[in-house]
Amino acid sequence: MLDHSPKNMYSTTIVCVRTSEKVVIAGDGQVTLGSQIIKSSAKKVRFLAKNTVLSGFAGATADAFTLYERLEAKLEQYPSQLMRACVELAKDWRTDKYLRRLEAMMIVADKKTTLVLTGNGDVLEPEDSVVSIGSGSGFALAAAKAFVSLNQLQAEEIARRSLEIAGDLCIYTNKNILLESIDL
């Protein structure tokens, strides 16, 4: 259950869709503080590792930027090894006193792998071609799975429509969508 205190920040829905042609990560732009919308156009999806890794975050913005920096360093240390870099980051996340306090989750993907990194230090590889995190993740995930099963839409359209549905249902998600992709 969410504590709607103004000191707590809630934001976002991120969805990742992988097809045989592309991997796409899309996120909405809304950031809220308590029951107030603070920003509608935050950019929560970005490229890492010289545009070879896509990432999207949900959670506290400053915490997400810390994780981006740490993951970027791990990707430099372990080039072209997304899984290894994420596992090493997760080890740090679980053992470092400062990192353990971070409140964020990330989806990261490259040409081969999609992973979810959690605040518990987990590195999860989804079984399906879609995954979602954040406040509207259940809505976006259900919509994306339905669209994938129809086998009629491209990855970008699945991600966009799924986030639009989440934006209709989740008060912490808007329809200001940023979408990035990597051709496979």
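Some values worked out for this structure:
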item	result
Residue, surrounded by the most Cβ atoms within 10 Å (Cβ to Cβ), within the range 27-49, restricted to residues that are part of a strand (DSSP E or B) and of a type in the set (A, V, I, L, M, F, W, C)	V45
Candidate set: the range 160-177, residues that are among the aliphatic types (A, V, I, L, M) and buried (at least 18 other Cβ atoms within 10 Å of the Cβ); chosen: the one farthest from the chain's Cα centre (by Cα)	I165
Subset of the range 50-75 that is surrounded by 15 or more Cβ atoms within 10 Å (Cβ to Cβ) and in contact with an Asp or Glu (Cβ under 7 Å, 6 or more places away or on another chain) - its residue that is farthest from S135 (Cα to Cα)	K74
Breaking point among (1) touching a Pro at 6+ places or on another chain (Cβ under 8 Å); (2) at pLDDT 95 or above, for S35	(2)
Qualifying residues in the range 148-159 (those that are of a type outside the set (S, T, N, Q) and surrounded by fewer than 22 Cβ atoms within 10 Å (Cβ to Cβ)) - the one farthest from T61 (Cα to Cα)	L150
Subset of the range 115-163 (residues that are within 14 Å of C16 (Cα to Cα) and among the acidic types (D, E))	E125, E127, D128, E156, E157
Filter pass, G59 being at positive phi and modelled with pLDDT under 80	no
Given (1) within 20 Å of V131 (Cα to Cα); (2) outside any strand (DSSP E or B), index of the condition V24 fails	(2)
Pair list, Cβ < 7 Å and 6+ apart or interchain, from the range 14-26 residues that are surrounded by 23 or more Cβ atoms within 10 Å (Cβ to Cβ) to residues that are of a type in the set (D, E)	V24/E156; I25/E180
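The values are calculated or read from the model by the stated rules, or taken from the named source; none is laboratory data. Just so we're clear, the structure is a prediction, and the values are computed from it rather than from any experiment. Neighbour counts are summed over all protein chains in view; Cβ atoms, including those assigned to glycine, are modelled from backbone coordinates with ideal geometry.
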